[in-house]
Amino acid sequence: MNKNGSLADGFLDSATYYPQHNAVFVDNTFIRYDELYETAARIAATIQQYTPDPEPRLTAVFAYRSVTAFSGVLGSLLAGNGYVPLNRTFPIERTRMMLERSECRSVVVDMPSIAQIDQVIVGIPYRLLLVFPDTEDISQLRDKWPQHMVIARADLACSGRWTHTQPNRNDIAYLLFTSGSTGIPKGVMVGHRNVIPFVTYMADRYGITDNDRLSQMFDMTFDLSVFDMFVTWEKGACVCCPSQKTLMKPGKFINDLQLTVWFSVPSTVVFMKRFKMLKRGSYPSLRWSLFCGEPLPVGSVQEWEKAAPNSIIENLYGPTELTIACTLYRWNRKESIDVSEMGIVPIGDPYPDMKAIIVDEHLREVAEGTSGELLMTGPQMTLGYWKEPARTSQAFIVPAGKSDPYYRTGDRVRRAGPDKPLIYLGRVDFQVKIHGHRVELGEIEAVIREESGLDGVVALGWPETESGAAGVQVFIEGEYDSIETLRQKVARRLPDCMVPSRFHLMDKLPLNTNGKYDRKRLIAILKELS
Amino acid sequence: MSGVSAADVKKFIVSHLSKELESSGRMLNGDPPDDFDLLQEGIIDSLGMFNLTAELEEHFGQEIDFEGLDPEEMTIIGPLCRYVERTLRQ
């Protein structure tokens, strides 16, 4: 792949070499490369026709596990735009905020998401191009939104009118919103130049061929989905996307589709174990099993390797800001248990072109064997946060004695020796992983402060689990009339995994010796209550 | 051997999920029909299902073996409640 090219180049090559091969399985149907190309090129031509030279060069894709989700992502890229994934299983208010903040001039929408579109585009002051590639009748929407350009399936431009546009070096391939501690999600700008080295390395490392079938367990609002789609399309393989219903029976999906590459959060393993889907030898077709998104418990790997005996297991690690994953560790039955700490599999070593250093709180490199914050740099280090230079300069810094900027992961790690893998020890700040989703407790607190008008708010990941927390509970200082009303207001603004399961009111929140809210004491209270 | 009936299980599930749903301003009909699919109605996902099974065990004070529960029927209220009833009786 051309390193100055587009994330979509691998797909275009495969569509040329393997037009008759399946590119995607979605909605219980296989879609061939030539078919997917045709729809994507029509969407791209439509975007180019109605929004020539948009500013910013971004298209939102409001679609969920549908053909349009895939053709929309490709169509945006072929039009020369980065894509911004939106998800109808998120609260509408959050989706609306993402669209507003991204300032996209075009939105591709699948049929089931139409139900939310009115609430998502309300208040957008500029003209939008709304493309509905799988919908025939949109006259109602056209009547309702005369200020926007509304395009139905039949109005899509011909694929022949698509003009191949190569992105510039720093153009955004996708803009992904992650939880932010101020109550406003941050948009991570991932450039083509960041993601292309990732896709190339992964496709080569795993020896992907046009015979492979990869899972798509991740929603497109989770950046790990970029691996699923683009590593697949790089080599003419097929990405297999289970429906929401099928997500409940991943084991059957692996066998029905004869998947060869599996990629999920470790929580899925826990779920499958619970429902007895990890019997010995259940998944012989898998040749690779990859996990990422949260700490990987040793116990889960041991269960998985029995169920998928022909697969090699790797643990991947990386924040969105370093493009999907940037370190990895290969599980080895003989040695790995000894190098794992606290029952968690190591995160291994940086990808070949990435550099890692471990620093103390003054950003000075620590001695070998000492724990500290992980800082990384290299081609996968992203362009920073969308329209937030202050936040960007806080997170992307030049450490003393270095000339390149590094990204501060906020993750605490240790390397026991020069030949030893990196061990993940937890978050430096108050971020927790809740079933694989990165959650800033500060964001939850900020929303509750705004909605309640009360200042003393502390959110905690609770109950704690091996890999983070199972949910959130919150302590509020003062009095509030209706917790139920507060809960509803909060739930309208935050995704389910961030909505506290319990609200505890206290006259006074305990303080520690530094005069800060004493989180340890609050955790102790939760322990007493449970 | 427990005297828990499928109706008891349903009552608990409905009351548990109602509380969860209230937080997002939604409602669960007090007596959903047998073929009511919690997943397709957007009430539960795999994480929610996982949590629900833990709540069921805690509430009925007994470990529940989900081995025999058909994943197709896992989120459909009638089969789910009858499965839990049968398992608790074993």
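Within the range A:497-518, one or more residues are among the β-branched types (Val, Ile, Thr) and buried (at least 22 other Cβ atoms within 10 Å of the Cβ). From the list A:393, A:482, the one residue that fits, being free of Cβ contacts under 8 Å to residues at least 12 places away in the same chain and over 26 Å from the mean Cα position of the chain (by Cα), is A:482.
Across the range A:429-453, the number of residues qualifying as over 26 Å from residue B:47 (Cβ atoms) and not hydroxyl-bearing (Ser, Thr, Tyr) comes to 3.
Quick grid of which residues meet (1) outside any loop (DSSP other than H, G, I, E, B); (2) in contact with a His (Cβ under 9 Å, 6 or more places away or on another chain); (3) surrounded by fewer than 20 Cβ atoms within 10 Å (Cβ to Cβ); (4) on the phi > 0 side of the Ramachandran plot:
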residue	(1), (2), (3), (4)
A:329	yes, no, no, no
A:374	yes, no, no, no
A:380	no, no, no, no
A:383	no, no, yes, no
A:410	yes, no, yes, yes
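Exactly one residue among A:231, A:199, A:226, A:239 is outside any loop (DSSP other than H, G, I, E, B), under 23 Å from residue A:467 (Cβ atoms) and either free of Cβ contacts under 8 Å to residues at least 24 places away in the same chain or away from chain B (no Cβ under 14 Å) (or both), and that residue is A:226. The residues of the range A:247-279 that are modelled with pLDDT of 95 or more and either more than 14 Å from every other protein chain (Cβ to nearest Cβ) or in contact with a Leu (Cβ under 6 Å, 6 or more places away or on another chain) (or both), listed by number, are A:257, A:258, A:259, A:260, A:261, A:262, A:263.
Against the definition (at negative phi and surrounded by fewer than 18 Cβ atoms within 10 Å (Cβ to Cβ)), how does residue B:67 come out, yes or no? Answer is yes for this residue.
Of all residues assigned to the range B:3-12, none qualifies as being among the β-branched types (Val, Ile, Thr), out of contact with any helix residue (DSSP H, G or I) (no Cβ under 6 Å at 6 or more places or on another chain) and crowded, with 17+ Cβ neighbours inside 10 Å. Taken as a whole, the condition of being modelled with pLDDT of 95 or more, in contact with a Leu (Cβ under 9 Å, 6 or more places away or on another chain), crowded, with 21+ Cβ neighbours inside 10 Å and within 14 Å of chain B (Cβ to nearest Cβ) does not apply to residue A:313.
Residue A:244 fulfils the conditions (1) more than 8 Å from chain B (Cβ to nearest Cβ); (2) in contact (Cβ under 8 Å) with a residue 60 or more places away in the chain; (3) surrounded by fewer than 21 Cβ atoms within 10 Å (Cβ to Cβ) except for a single criterion, (1). Return a yes/no flag: does the range A:68-85 have any residue that is assigned to a loop (DSSP other than H, G, I, E, B) and either touching a Phe, Trp or Tyr at 6+ places or on another chain (Cβ under 7 Å) or not polar (S, T, N, Q) (or both). Yes.
Taking the range A:14-40, which residues are charged (D, E, K, R), in contact (Cβ under 8 Å) with a residue 60 or more places away in the chain and not in a loop (DSSP other than H, G, I, E, B)? Scanning the range A:14-40 gives a single hit, A:38. Scanning the range B:45-73 for residues that are part of a helix (DSSP H, G or I) and either aromatic (Phe, Trp, Tyr) or more than 9 Å from chain A (Cβ to nearest Cβ) (or both) yields B:50, B:52, B:55, B:56, B:57, B:58, B:59, B:60. For residue B:29, the criteria (1) over 30 Å from residue A:253 (Cα atoms); (2) in a loop (DSSP other than H, G, I, E, B); (3) within 11 Å of chain A (Cβ to nearest Cβ) hold in every case but one, which is (3).
Here's the yes/no breakdown for (1) within 14 Å of chain B (Cβ to nearest Cβ); (2) among the basic types (Lys, Arg); (3) part of a helix (DSSP H, G or I):
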residue	(1), (2), (3)
A:433	yes, yes, no
A:448	yes, no, yes
A:454	no, no, no
A:458	no, no, no
A:481	no, no, no
A:484	yes, no, yes
A:490	yes, no, yes
A:494	yes, no, no
A:505	no, no, no
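The values are calculated or read from the model by the stated rules, or taken from the named source; none is laboratory data. Since this is a predicted model, take the numbers as computed values, not measurements. Every residue, glycine among them, receives a Cβ derived from its backbone with ideal geometry; neighbour counts consider all protein chains shown.
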